[in-house]
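Nothing in this text is a laboratory measurement; each read-out follows from the coordinates by a stated rule. Remember, predicted model here, so these are calculated numbers, not experimental data. Note that each Cβ is placed from the backbone with ideal geometry, even for glycine, and that neighbours are counted across all protein chains shown.
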Amino acid sequence: MSSSFDRSDFVDPDFQASKSGYVTATAGAPTAGRPPTREELDTKVTETQQRLTELKAAQEKLERERASIEEARRRQIELHNGREEMVSHLTRGVGLLEEAEFTARRDAEQMAKTISELREAAEKLHAINQESWTKENWNVELTRALTTIENGRMEWNSARMKWPVLSDPNAAAAPTAANPAPAAAPQLNSLLAGGNFAELCRLGFALTWPVLLGAVAIVIALFLR
């Protein structure tokens, strides 16, 4: 027997589902050949603005990273240059101070020697006692005293040439030059070179008259005996 006709027997459910999905998908897209609608343009503007915002945020992040890298690079360069500069300054400073320390120590030793010589000369002068002289020995004692005075004067002049502070009370308490004596030597050389024969003779007499006086006193003392 023939059964009744049923349309559902000739319908493919999978085909119907795919067809329905295609119709739904194409319904939201703009139809080819027609201008976009206002809603579609608003959607595109929103999407574009969102992408611009994301790109701007990414750009700002990259700029911050670049600034951080440049700051690190600048500090690295500052470290290298500062280290080289300070090593150079400190090394040079140590060398200069060591040389100055050596010079100061040498000057201190020379000054101590000069102080000892001046103190010894002063003690000899203090030891002169005229009250103990007698009629028989006063000429000899006088000669000795004059010789002691002359030796003290020579020590004093030598000290003044070495240490300018002895000539100028306003000068520094201790010179820091490498060698104070050569500083006075050019002045003496210029004095000798600039004078004529008569001036040199007067200078020589001024320097040697105490010695001549002592020699004359000794001769007189021997002659009186």
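Side notes on the structure shown:
- Formal net charge of residues neighbouring residue 40 (Cβ-Cβ distance under 11 Å; K, R +1; D, E -1): 0
- Residues of type aspartates and glutamates that residue 113 reaches as a straight line, Cα spacing below 14 Å, ignoring anything fewer than 8 places off in the same chain: 155
- Between residue 105 and residue 57, the modelled label-to-label distance comes to 7.1 nm, taking each label 7 Å out from Cα in the direction of the beta carbon.
- The length gained on full extension between residue 44 and residue 138, counted as 0.36 nm times the residue separation minus their Cα-Cα distance, comes to 20.6 nm.
- Between the range 68-84 and the range 86-129, the alpha-carbon center distance in angstrom: 46
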